Amino acid sequence: MITSTSDPQPADFADVRATNLAVVLRFVREHAPCSRADIAASTGLNKATVSSLVADLIDRRLVRETGLTGNRVGRPATMLVLDGSPYAAIGVEINVDYVTAVAVDLSGERLLSWRRSFQGPDVTVSQAMAVVAGLVRRVTTRMAREERQVLGLTVAVPGLVGTDGVVRVAPNLGWRDADLCGDLAKALRDPGFPVQVDNDANLAALAEHRFGPWAGTADLVYLAGGIGVGAGVILDGRLRRGGQGYGGEIGHIQLDPLGAECRCGRRGCLEAVAGIGAVLEHAALSPAEVEVELEETVRLARAGDAHTLAVLAGVGRDLGRGVSMIANLLNPEVVVLGGYYVPLAPWLLPEIEAEARGRVIAPDTGGCRVVASALGYGAAALGGAARVLDLVDSGRLPRLS
Ligand SMILES: [Zn+2]
């Protein structure tokens, strides 16, 4: 669900306090180890207020004292770091050919990472729901055994997700108007934590922005390379989804009016000519076993196979046209190639960069760098967990039950 991420409005005392707790928590996350005096100096809150807020956060086990002392100016101070060990945030990704689950604690430490194969196009929405609900139940059972409270779950889907959590269309899964959010909450029998659904590229962009090597980059675009191709757009440090949440569908920008038919029913879309399905088809490999075939593509490219290298160069040029549209329109600092593009990046990146240099009007492509994701196939699921942690950052603090 694309819920509002705006900070709570300081309408009354409780809201002001929740906002201030979130401010202190965010400060500790970004600056730990830090002292109460550091927090007061940087946030403008007075010292007594900071002490009271920190006491509250320690009670909730969101923050802990390290026992270290900072010896900066004046007397030594007790230093604070994030705790969050009694909590877990869960992210799940449904992809065309696999389902992934990850759980992280409040500081982003990975608690588990599970992956299973999945034949998305061959199963109905309710069968997919049963698979996801089963996986989530196993994760929550594990978290309960570790005495962790689950803060929330976000499910990543390769499709358009409305503000109500309904998947409007997921062309590569064959889904239309699937109430994933509602059905999943029902299947989990009112789990007692928020369940959200969001687009996979959006969530992968959040993961890069919070956990990746480019974390904190204000203007970052994630280009998700799966059977479908989508973009997650972060501008001025915030995920931008557009008016109804349907932005970022770069995969359906037409590159070639006479090009291959796309799963969306149109022709010559970026994902139809440069998605992983297209890579494998051009290379005369079966898109059914993507990962196996991808390994074979990498092996052939390493061995210098001329046909494979030509296919990858062509796909790189098409991706370069996509990246130059992104760069001309948004001027991001970095475009992160993710998913199945990662193992192919050594062959794709030079072509993308050359194409972008020729097509972006700004000098030096507006400073835009194109890099391969370091987060692996779990990026969207990790972003699902990041989405849950964003809720905490925006003031929805848990209380230990
Ligand atoms: Zn299309």
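Taken together, the values in this text are just the output of simple stated rules run on the coordinates, not laboratory data. Nothing here was measured: the structure is a model prediction, and the numbers come from that model. Here Cβ is always computed from backbone atoms with ideal geometry, including for glycine, and neighbour counts include all displayed protein chains.
Considering the zone a paramagnetic label at ARG116 would reach in this model (a point 7 Å from Cα along the Cα-to-Cβ line), which residues of the stretch 131-161 have amide N under 15 Å from it? So the set is 131-142.
With the simple model of a label 7 Å out from the Cα in the direction of the Cβ, GLU281 to ARG137 spans 3.9 nm. Tell me the net charge near ALA185. Cut-off is 14 Å between Cβ atoms, ALA185 excluded, with +1 for each Lys or Arg and -1 for each Asp or Glu. Its environment carries a net charge of -1.
Here the stretch 262-338 is treated as a sphere whose radius is the Kirkwood value from Cα pairs; by Stokes-Einstein at 10 °C and 1.306 mPa s it diffuses with a coefficient of 117 µm²/s. May I ask for the net charge around LEU203, where only other residues with Cβ less than 9 Å from the Cβ of LEU203 are counted and Lys, Arg are +1 while Asp, Glu are -1? Counting the neighbours of LEU203, the net charge comes to -2.
Counting only complete DSSP H runs, which helices of the chain cover 15 Å or more along their long axis at the Cα atoms and score a mean Kyte-Doolittle of 0.5 or above?
Values: long enough: 13-31 (27 Å, 0.39); 47-59 (18 Å, 0.84); 125-145 (30 Å, 0.56); 200-211 (16 Å, -0.05); 290-302 (18 Å, -0.13); 306-330 (35 Å, 0.92); 341-359 (25 Å, -0.07); 379-393 (20 Å, 1.10).
Going by DSSP H runs, the hits are 47-59, 125-145, 306-330, 379-393.
For the stretch 170-226, what does the convex hull of the Cα positions come to per residue, in cubic angstrom? Can you show the working numbers first?
Values: hull volume 6.8 nm³, N = 57.
For the stretch 170-226, the hull spanned by Cα atoms encloses 120 Å³ per residue.
Charging the Cβ of each Asp and Glu at -1 and of each Lys and Arg at +1, and nothing else, the dipole of the stretch 280-401 about its Cα centre rounds to 480 debye.
For a test of the definition: using alpha carbon positions, the gyration tensor, and the 1.5 limit on a/c, classify the stretch 299-401 as rounded, prolate or oblate. Taking the square roots of the gyration eigenvalues as a ≥ b ≥ c, the stretch 299-401 is oblate.
Pop out the Kirkwood hydrodynamic radius of the chain from its pairwise C-alpha distances, inverse of mean 1/r, in Å to one decimal. Don't skip to the answer; put the middle values down first.
Working: mean 1/r = 0.0450 Å⁻¹.
By the Kirkwood definition, the hydrodynamic radius is 22.2 Å.
Tell me, which longest segment in the chain has none of the trypsin sites (Lys or Arg not before Pro) that fall in DSSP loops with at most 10 further Cβ atoms within 10 Å? In the chain, the maximal stretch lacking such sites is 190-398. Computed on the Cα atoms alone, the convex hull of the stretch 46-142 gives a volume of 145 cubic angstrom per residue. The ellipsoid that matches the Cα gyration tensor of the stretch 101-240 has semi-axes, each √(5λ) in whole angstrom, of 23, 21, 14, with the longest given first.
Explain nothing, just the number: dipole magnitude of the chain about its Cα centre with +1 on each Lys and Arg Cβ and -1 on each Asp and Glu Cβ, in debye rounded to the nearest 20. It would help to have the intermediate numbers written out before the result.
Values: 39 positive and 45 negative charges, 224 e Å.
Once rounded to the nearest 20, the dipole reads 1080 debye.
Above 22 Å, the calculated P(r) of the stretch 227-313 contains 40 percent of its Cα-Cα pairs.
Amide H contacts under 5 Å for TRP175: ALA170, restricted to partners 5 or more places along the chain or on a different chain, H placed in the peptide plane at 1.01 Å from N.
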